1. Only one of Leu32, Leu43 is without any contact (Cβ under 8 Å) to a residue 24 or more places away in the chain and among the aliphatic types (A, V, I, L, M); which?
2. Determine if the range 54-67 includes at least one residue that is part of a loop (DSSP other than H, G, I, E, B), under 19 Å from Asn92 (Cα atoms), under 13 Å from the mean Cα position of the chain (by Cα) and among the small types (Gly, Ala, Ser).
3. Restricting to the range 22-37, name every residue that is charged (D, E, K, R) and modelled with pLDDT of 95 or more.
4. Just name the residue that is surrounded by the fewest Cβ atoms within 10 Å (Cβ to Cβ) out of those in the range 49-66 that are over 15 Å from Tyr98 (Cα atoms) and touching a Gly at 6+ places or on another chain (Cβ under 8 Å).
5. Somewhere in the range 8-16, is a residue surrounded by fewer than 15 Cβ atoms within 10 Å (Cβ to Cβ), assigned to a loop (DSSP other than H, G, I, E, B) and either β-branched (Val, Ile, Thr) or at pLDDT 60 or above (or both)?
6. If you scan the range 74-88, which residues turn out to be under 14 Å from the mean Cα position of the chain (by Cα) and in a loop (DSSP other than H, G, I, E, B)?
7. Give Ser40, Ser49 a once-over and let me know the one that is in contact with a Lys or Arg (Cβ under 7 Å, 6 or more places away or on another chain) and either at pLDDT 95 or above or not in a loop (DSSP other than H, G, I, E, B) (or both).
8. So, Gly90, is that one crowded, with 16+ Cβ neighbours inside 10 Å and at positive phi or not?
Amino acid sequence: MKLKISSTWVLLVVMGLTLPVKAANSDHIRRLLDTNTCPSCDLSGANLSGANLSRANLANADLRFADLRNANLSYADLRGANLNGANLNGANLQGARY
């Protein structure tokens, strides 16, 4: 019985590790970096570390698990944005609206 439970557990863990991860839309990343505006964009998992996004319009954007370390988000519009799991270590959020 114990072997059966262990085998099932290992199988579930391996299957969980191979599930596809949703990645950010590369067109949306380019749009944000070029225009500083991308409301309702899919930026989930995006690497935006160190990006200058001051005054960016990111309202309702999907920023789940985005890497925003040391990004400048001062005065950015983050209202309605999903930031679950996003890394904001060292990010400048002065005056940001959320």
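The values are calculated or read from the model by the stated rules, or taken from the named source; none is laboratory data. This structure is a prediction, so every number in the text was calculated from the model and none was measured. Heads up, the Cβs are rebuilt from the backbone with ideal geometry, glycines too, and the neighbour counts pull from every protein chain shown.
1. Numbers: Leu32 fails: without any contact (Cβ under 8 Å) to a residue 24 or more places away in the chain.
Result of the check over Leu32, Leu43: Leu43.
2. There is at least one residue in the range 54-67 that is part of a loop (DSSP other than H, G, I, E, B), under 19 Å from Asn92 (Cα atoms), under 13 Å from the mean Cα position of the chain (by Cα) and among the small types (Gly, Ala, Ser).
3. Within the range 22-37, the first condition is being charged (D, E, K, R), and the residues that meet it are 22, 27, 30-31, 34.
Within the range 22-37, Asp27, Arg30, Arg31, Asp34 meet the criteria.
4. We begin by selecting, within the range 49-66, every residue over 15 Å from Tyr98 (Cα atoms); these are 49-52, 65-66.
Pick out the ones that are also touching a Gly at 6+ places or on another chain (Cβ under 8 Å) and you get 65-66.
On the way: Phe65: 19, Ala66: 27.
Here the answer is Phe65.
5. Going through the range 8-16, the residues surrounded by fewer than 15 Cβ atoms within 10 Å (Cβ to Cβ) turn out to be 8-16.
Adding the requirement that they be assigned to a loop (DSSP other than H, G, I, E, B) leaves none.
No.
6. In the first step, residues of the range 74-88 are kept if they are under 14 Å from the mean Cα position of the chain (by Cα); the result is 78, 80-88.
Leu78, Gly80, Ala81, Leu83, Asn84, Gly85, Ala86, Leu88 - these are the residues of the range 74-88 that are under 14 Å from the mean Cα position of the chain (by Cα) and in a loop (DSSP other than H, G, I, E, B).
7. Numbers: Ser40 fails: in contact with a Lys or Arg (Cβ under 7 Å, 6 or more places away or on another chain).
Testing whether each residue is in contact with a Lys or Arg (Cβ under 7 Å, 6 or more places away or on another chain) and either at pLDDT 95 or above or not in a loop (DSSP other than H, G, I, E, B) (or both) leaves just Ser49.
8. Values: crowded, with 16+ Cβ neighbours inside 10 Å: no; at positive phi: yes.
Answer is no for this residue.
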